[in-house]
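So the structure is just underneath, and the comments pick up after that.
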Amino acid sequence: MSHVYVSRRCVLIGLVVFGMLFFAAQIYLLKWAGTSGIFSLSSLWGGQSHEHPRKIPPYRATKVFADASAKFSVPVFLIEPDCLTSIALLWRTEMKESVPGKCKHLCGERNVTTFGVLDSRLISQDFLLFLEEHIDIRCTVLYGPDPRLITVDNQETGEIPLHYLFEYSGQFIHLVVFYERAGSYLWHGAARADQLSSRRMSLLSPCFQNLNLRKLKFGGTFAGAYDKMEFRTRRADGVNLRIPKDINRFLEQIPFSRHLECNYDQARAFGRSYGRDGTPEALAFRQSARDLLEKGKRVLDELGIRFWLSSGTCLGWFRECDIIAHSQDVDFGMWIKDYNSQIIQEFDSRGLTLKHQFGRISDSFELSFVDDGIKLDIFFFYDEKDHMWNGGTEVRSGNKYKYVFPKFTLCWAELLELRVRVPCDTKRYIEANYGKEWNQKVTTWDWKRSPPNVRPNGQWDREEWGEVIQIF
């Protein structure tokens, strides 16, 4: 009889101990949801929202999001700069995987980890619902106008998702949506609080109110433009991740990725005031100028030389979102430090014949090419302590001129479906060259006197003319 009693007591104690251990395991999983996979207690409890007792490390949020994306075949790719830099360093050391169990690439002090995706149509509703209902990941979506549909003649455009923000136990995943533009580059929009949608799963939850959108690495302050890229899958810290195939090339682009949209409202206003020259001659010139711009761009891109729209071509983009029909040429700006002696040879091989070469590398250098009767002028800029300038030379007298500009940096833009650079503070650049009346149509222009930023800059000695004034 006592033997039976002891056995029952042992069984009861065993059940109590087992229950306590099981409960402790549940508490541990609740605190560290995501440690062993993409499921958490919220999936066991029917997806009910709950408060996480502690903030999880960025590694765990990254792993959960990457695993869920793979489960639903959503082709996201990691673009978090610190993580990519660490992974690239790993590649340079013969692709040796980090010590098992030790987080090396996906850790850190950050609370936002950034991924990208090519086009929002690749993000399925099932994927979003799974994140919300089975893992308790909250989602907010930022929408904005589709710039690919906006033209001078078309003001109506639908909205597209620009950014997905996911919150998971105190960590954030920022999913940047890249869209292909002009068939040649990738673009993402800026992130602003007024882009929040009232659609399901897009209401601003209290957990997002402490997230400073301006501090997001992609889209926080401006839209961005990048080269089209390929991807590869690599394992880092035990997580399979899609990443840019050329990590270093992608990272190099980030500081110079800012993208500006043409001001179509401004272009429409100018068109209402002055009309648009639609004569056959004007249409033919715009097409030929665009072809010339594309040809010159292709050569310089292949040589890895930065250039930007300058003078009348820049004014056309800024004021009219087009090429000015009566300008009769195409104008590029280029840093003199980026000059490459191969430019002339490469241009010539593509049918762009050198028409004149003025100045020398150290002073007022300028090249002019011609193709199908249209000129492509390249003005070389010199960087001084408090300003920048390019030079001009008068053939008849040997007089030199200097065009002074305030300091500027370069941004990406699009002109006639071509990705080009323009000065970021374009208005300031334009006002320096054309004055406050830049928005008025002017058909007569004296390059030596009309620009408000032109200055006399001496004269070439006559014995130098053979070198500094060359006409072909």
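Of the residues Phe405, Phe379, the single one that is surrounded by 17 or more Cβ atoms within 10 Å (Cβ to Cβ) and without any contact (Cβ under 8 Å) to a residue 60 or more places away in the chain is Phe405.
Looking at the stretch 296-316, is at least one residue over 24 Å from Asp383 (Cα atoms) and outside any helix (DSSP H, G or I)? Within the stretch 296-316, none of the residues are over 24 Å from Asp383 (Cα atoms) and outside any helix (DSSP H, G or I). Could you go through the stretch 70-80 and let me know if any residue there is assigned by TED's automatic domain parsing to the domain that holds Phe178, at pLDDT below 95, closer than 25 Å to Thr233 by Cα and not charged (D, E, K, R). Looking through the stretch 70-80, none of the residues is assigned by TED's automatic domain parsing to the domain that holds Phe178, at pLDDT below 95, closer than 25 Å to Thr233 by Cα and not charged (D, E, K, R).
Reported count of residues in the stretch 265-284, each being at pLDDT below 95 and surrounded by 18 or more Cβ atoms within 10 Å (Cβ to Cβ), is 0. Among residues of the stretch 199-224 that are among the charged types (D, E, K, R) and at pLDDT 55 or above, those with a beta-carbon under 7 Å from a residue that is part of a strand (DSSP E or B) and crowded, with 16+ Cβ neighbours inside 10 Å at least six positions away or on a different chain give the pairs Lys217/Thr114. For the stretch 127-149, residues that are more than 21 Å from Leu216 (Cα to Cα) and in contact with a Phe, Trp or Tyr (Cβ under 6 Å, 6 or more places away or on another chain) total 1. Per the conditions (1) of a type outside the set (S, T, N, Q); (2) surrounded by fewer than 22 Cβ atoms within 10 Å (Cβ to Cβ); (3) in contact with a strand residue (DSSP E or B) (Cβ under 7 Å, 6 or more places away or on another chain), the sole criterion not satisfied by Phe127 is (3). Mind checking whether some residue in the stretch 312-326 is at pLDDT below 95, more than 21 Å from Ile471 (Cβ to Cβ) and assigned by TED's automatic domain parsing to the domain that holds Pro280? Among the residues of the stretch 312-326, at least one is at pLDDT below 95, more than 21 Å from Ile471 (Cβ to Cβ) and assigned by TED's automatic domain parsing to the domain that holds Pro280, which makes the answer yes.
Restricting Leu303, Leu315, Leu309, Leu293 to those that are under 18 Å from Leu354 (Cβ atoms) and crowded, with 22+ Cβ neighbours inside 10 Å reduces the list to Leu293.
When the stretch 332-346 is filtered for residues that are surrounded by fewer than 22 Cβ atoms within 10 Å (Cβ to Cβ) and not aliphatic (A, V, I, L, M), the ones remaining, listed by number, are Trp335, Lys337, Asp338, Tyr339, Asn340, Ser341, Gln342, Gln345, Glu346. Considering the stretch 325-365, the residues that are assigned to a helix (DSSP H, G or I) and small (Gly, Ala, Ser) include one that is farthest from Lys441 (Cα to Cα), namely Ser349. Among the residues of the stretch 362-376, those that are in contact (Cβ under 8 Å) with a residue 24 or more places away in the chain and in contact with a strand residue (DSSP E or B) (Cβ under 8 Å, 6 or more places away or on another chain) comprise Asp363, Ser364, Phe365, Glu366, Leu367, Phe369, Asp371, Ile374, Lys375, Leu376.
Within the stretch 164-185, if we keep just the residues that are surrounded by fewer than 24 Cβ atoms within 10 Å (Cβ to Cβ) and without any contact (Cβ under 8 Å) to a residue 60 or more places away in the chain, the residue that is nearest to Gly220 (Cα to Cα) turns out to be Tyr164. Kindly check whether there is at least one residue in the stretch 409-417 that is in the same structural domain as Ala282 (by TED's automatic domain parsing), charged (D, E, K, R) and crowded, with 17+ Cβ neighbours inside 10 Å. Yes, some residue in the stretch 409-417 is in the same structural domain as Ala282 (by TED's automatic domain parsing), charged (D, E, K, R) and crowded, with 17+ Cβ neighbours inside 10 Å. Strands (runs of 3 or more DSSP E) fully within the stretch 211-257 that include at least 1 residues being crowded, with 17+ Cβ neighbours inside 10 Å and basic (Lys, Arg): 231-236, 239-244.
The values are calculated or read from the model by the stated rules, or taken from the named source; none is laboratory data. Computed from a predicted structure; not experimentally measured. Positions of Cβ are generated from backbone atoms using ideal geometry, with glycine treated the same way; all protein chains shown enter the neighbour counts.
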